[in-house]
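Every number in this text was worked out from the coordinates using simple rules, so none of it is lab data. What you see is a predicted model; the values in this text were computed from it and never measured. We place every Cβ from the backbone using ideal geometry, glycine too, and count neighbours over all the protein chains shown.
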Amino acid sequence: MSKTVLTRGVVVITLTAKVYKGKVVTTYHSRIGFCGEFNKLILTEIKKKFKEVYEEQYKSEYKNADKIICSATAKTTECDMILNGGE
């Protein structure tokens, strides 16, 4: 059985929504940050969930939009120590 390797660090997830109404495209961005332990699988799941929530929010807010495209990206920085609880 393989051991799951976790990375300790800081993660910033950037959510982007492009709302298309006719020829007008409006772009919105939101950033969510946290620190802790993670791996690629955890980040993939977190990005997927945040993207779903973000997309639902914009679809309910802009019901008359022609198209809405959402994306999520994650930037990470590895840390040796996390203050307030890190080792």
- Counted neighbours (other Cβ, 10 Å), sorted fewest up, put Tyr20, Tyr58 in the order Tyr20, Tyr58
- Item | Kirkwood-type radius of the chain, with distances r between different C-alpha atoms, in Å | 14.7 Å
- Message: What distance in nm lies between label points placed 7 Å from Cα along the C-beta direction at Met81 and Lys23?
- Response: 5.9 nm
- Could you pull out the pairs from Lys18/Lys47; Lys51/Lys75; Lys18/Lys48; Lys23/Lys47; Lys49/Lys75; Lys18/Lys59 whose alpha carbons sit more than 22 Å apart here? Lys23/Lys47
- Message: Give me the dipole magnitude in Debye, nearest 20, for the chain about the Cα centre, with unit charges on the beta carbon: positive for Lys and Arg, negative for Asp and Glu.
- Response: 480 debye
- Measuring from label point to label point, each 7 Å out along Cα→Cβ, what is the Thr16 to Leu41 span in nm? 2.9 nm
- Message: Out of the trypsin sites (Lys or Arg not before Pro) in the stretch 6-87, which ones are loop residues according to DSSP with at most 14 other C-beta atoms within 10 Å?
- Response: Lys23, Lys63
